[in-house]
Amino acid sequence: MCTSCTILATTSANLSGVTSETHAGVSDYVESYLPGDDSLLAARLRAEELGCAPLGAAAGAALCFLATSLRARAVVEIGTGTGVSGLHLLRGMAPEGVLTSIDIEPEYHRAARQTFAGAGFPPGRTRLIMGRALDVLPRLTSGGYDLVFVDAARAEYPSYYEHGVHLLRGGGIIAFHGVLEPRSDPARRDPGVLASRELARAVRDDERLVPSLLPVGGGLLVAAVRS
């Protein structure tokens, strides 16, 4: 196994297996540092009703920070969910910015529209596209986006990486959520875990990118495109 894969596997095991009070206390503090508001709470309740896992508060804060730092005007999100991550992104983006969010599930789009409207964002600030991301991404403008965020099927992360980097301008950022989440059954070779390791290796070795692995939200792998 390559060095990066070993580190990723070890870190994943540590994140899932450490039970010390110190680690738990730090994790709880990080997650509660920026509490959510009524709009986020409503979106999380919709996610619970639909059976999808919403983005955690710490990872959401990181997305908002990235969007703000970039003064992002054009963002692509793969995996709409009920709009939790999208709301964090919109709150960090420039006032005229547009979020393009892709999901194959129509009920998620309906829930996300409720989330965005409830938070005061007009329809013109979002473009929700229903379909497979791997079919949609090639149709988007190359080099036309500031930020690409991926929170979808882990097994497809390596493919999203190839398309996502192509969409970014110089200095833009691609972010993948959940790359350190443990596999559900340690006895089998989980395709999502294997894909996350492949992704980590590819991003680390890509000379176009400056990567970092943040221990929030099950692991947030971020990489900036060199100008």
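The values are calculated or read from the model by the stated rules, or taken from the named source; none is laboratory data. What you see is a predicted model; the values in this text were computed from it and never measured. Here the Cβ is made from the backbone with ideal geometry for all residues, glycine too, and neighbour counts use every protein chain on show.
A few notes on this one:
- Any hit, segment 169-178, residues being surrounded by fewer than 18 Cβ atoms within 10 Å (Cβ to Cβ) and out of contact with any Ser or Thr (no Cβ under 6 Å at 6 or more places or on another chain): yes
- For segment 35-73, residues that are in a helix (DSSP H, G or I) and not polar (S, T, N, Q) total 24.
- Scanning segment 74-99 for residues that are in a loop (DSSP other than H, G, I, E, B) and either free of Cβ contacts under 8 Å to residues at least 60 places away in the same chain or farther than 24 Å from C52 by Cα (or both) yields a total of 8.
- For segment 152-172, the criterion of being under 22 Å from E105 (Cβ atoms) and of a type in the set (D, E, K, R) is met by at least one residue.
- Lone qualifier among G171, G144, G178 - being in contact with a helix residue (DSSP H, G or I) (Cβ under 8 Å, 6 or more places away or on another chain), within 22 Å of H88 (Cβ to Cβ) and modelled with pLDDT under 95: G178
- Test result for A175, over 26 Å from H109 (Cα atoms) and in a strand (DSSP E or B): no
- Looking at A202, A195, A223, just one residue is buried (at least 19 other Cβ atoms within 10 Å of the Cβ), part of a helix (DSSP H, G or I) and touching an Asp or Glu at 6+ places or on another chain (Cβ under 9 Å), and that residue is A195.
- Any hit, segment 148-157, residues being within 21 Å of V193 (Cα to Cα) and of a type in the set (S, T, Y): yes
- Selection over segment 96-117 of residues that are in contact with a Pro (Cβ under 9 Å, 6 or more places away or on another chain) and not basic (K, R) gives a count of 2.
A quick yes/no check of all residues on (1) more than 15 Å from the chain's Cα centre (by Cα); (2) buried (at least 23 other Cβ atoms within 10 Å of the Cβ); (3) among the polar types (S, T, N, Q):
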{"residue": "G56", "(1), (2), (3)": "no, no, no"}
{"residue": "E77", "(1), (2), (3)": "no, yes, no"}
{"residue": "L89", "(1), (2), (3)": "no, yes, no"}
{"residue": "L137", "(1), (2), (3)": "yes, no, no"}
{"residue": "T141", "(1), (2), (3)": "yes, no, yes"}
